[in-house]
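Contents: one structure, followed by commentary.
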Amino acid sequence: MEFWRWVFCVLLLIASSLRVGAEQLRRGQRTERISGSAGDVLEDNPVGRLKVFVYELPSKYNKKILQKDPRCLTHMFAAEIFMHRFLLSSPVRTLNPEEADWFYTPVYTTCDLTPNGLPLPFKSPRMMRSAIQLISSNWPYWNRTEGADHFFVVPHDFGACFHYQEEKAIERGILHLLQRATLVQTFGQRNHVCLKEGSITIPPYAPPQKMQSHLIPPDTPRSIFVYFRGLFYDVGNDPEGGYYARGARAAVWENFKDNPLFDISTEHPMTYYEDMQRAVFCLCPLGWAPWSPRLVEGVIFGCIPVIIADDIVLPFADAIPWEEIGVFVAEEDVPNLDTILTSIPPEVILRKQRLLANPSMKQAMLFPQPAQPGDAFHQILNGLARKLPHDRNIYLKPGEKILNWTAGPVGDLKPW
């Protein structure tokens, strides 16, 4: 009886706070601008601050791969495709490599999909090596710095480590030929071999038009306290359990499957996007990697992201105040998730919701077609612009070599 009284009180508190929030929204207090430098950074315009030269590679590295499997346009790793398309028509593009600040190599390393739509990264190292061999043979710019003024989009689970299982990704490490380049990647975790210093962490791709088509009226009550849809166990790849998501997802299920405050399931309903807009908190636990599209979906739909991934490095962290819009829960504290979330004061919840309602925040998480000011494309360019000017030390002396072209697993050295 005490438990149900506690549940009733919590729901009453939520309903009360959300009625207040809805009234504030109707009065025009819909959003709150991000304070301080973060807000300024989010609204930066990169045009005029950098020039990018796009290598023209044979279509086998990009367009032909996409023609073979158009599903690559909609999966969470599609940022590599849309970044290429964006740069081809961007005002920061230069056709004169001598005036370029950055060089971009368009290689679609995640567009090799299984029948279930999962990318197979096993050919990616050979493909990337082949592309680098091509640009280093046909242009002089790679050889001047061995890639230190080049950037690559590597949006797979563990970036340029090119494996979906963390243990094997760590064993592989970042492809040696990319050690000096700037990596633009979805993977971000502090003190991890697959995240090199200077990388730009980006959001995974989530289809903007699809999400737009599922928007519901903004004053719809948020009647769900905690929402999650996804795997709790990966029996196929982790039959003994405990390895997938480092056990965090399993802990969510075991502790809260019967808790009425938690709407959690493995089923993915047709109303998934609508349900997120009816929820106060959306769980964003790690899976095989610490990130997932739920981060993007939570921001777009105003559902406070509950981030369960120790040491995660979040997208555009210098521009998006994740500590202010989200809730961070340590993996070991998952059994206390109900207590943690019900202890957050209503005024704190309302402020997070106001920040999430900021259009600039939402725009920064998306790769729209066509591009829009302040979107993820522009945030990436902002990140590159802030690295300029390059240190003179990146330029090699005549005859100097730093990278070892024969380093890495033997299989990576085979022709692609």
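The values are calculated or read from the model by the stated rules, or taken from the named source; none is laboratory data. Computed from a predicted model, the values in this text were never measured in an experiment. A quick note on method: Cβ atoms are made from the backbone with ideal geometry, for glycine too, and the neighbour counts reach across all protein chains shown. These accessible areas exclude ligands, DNA and RNA; they are computed on the full protein's heavy atoms, side chains included. Shrake-Rupley method; radii C 1.70, N 1.55, O 1.52, S 1.80 Å.
State which entries of 60/168; 210/414; 68/168 exceed 30 angstrom in Cα-Cα distance in the structure shown.
On the way: 60/168 27 Å; 210/414 40 Å; 68/168 28 Å.
Correct reply: 210/414.
Each Lys or Arg adds one and each Asp or Glu takes one away; over the other residues whose Cβ falls under 11 Å from the Cβ of residue 283, this sums to +2. Measuring only protein heavy atoms, the 1.4 Å probe finds residue 168 accessible over about 100 Å². To the nearest 10 degrees, how steep is helix 346-356 against the longest Cα principal axis of the chain, on a 0 to 90 scale? The two axes meet at around 30 degrees. Restricted to Cα atoms, the stretch 98-220 shows a radius of gyration and a Dmax of 16.9, 58 angstrom.
Only helices enter this figure: runs of n ≥ 4 DSSP H residues, each worth -39500 (n - 2.57), summed and divided by the residues of the chain, yield -9500 deg cm²/dmol at 222 nm to the nearest 500. Each of 139, 416 has its accessible area taken with a 1.4 Å probe; listed largest first, they run 416, 139.
Rounded to two decimals, the Cα-based Rg/Rh of the stretch 64-125, with Kirkwood Rh, is 1.06. Distance from the C-alpha centroid of the stretch 209-271 to that of the stretch 307-371: 16 Å, rounded to the whole angstrom.
Cα centroids of the stretch 41-69 and the stretch 135-184: 16 Å apart. For the chain, the longest principal axis of the Cα atoms and the long axis of helix 124-138 meet at an angle of about 40 degrees. Classify the chain as rounded, prolate or oblate from the Cα gyration tensor: take a ≥ b ≥ c as the square roots of its eigenvalues, call it rounded if a/c is under 1.5, otherwise prolate when a/b beats b/c and oblate if not. Prolate, since a/c reaches 1.5 and a/b exceeds b/c.
I'd like to check one number: the per residue accessible area of the chain, probe 1.4 Å, reported in Å² as a whole number.
On a per-residue basis, 45 Å².
In the chain, the longest principal axis of the Cα atoms and the axis of helix 376-385 are about 50 degrees apart.
Peptides 312-324, 288-300 ranked from most to least packed give 288-300, 312-324, packing being the mean of other C-beta atoms within 10 angstrom over each peptide's residues.
Count the net charge of all other residues whose Cβ sits under 11 Å from the Cβ of residue 363, scoring Lys and Arg as +1 and Asp and Glu as -1.
-1
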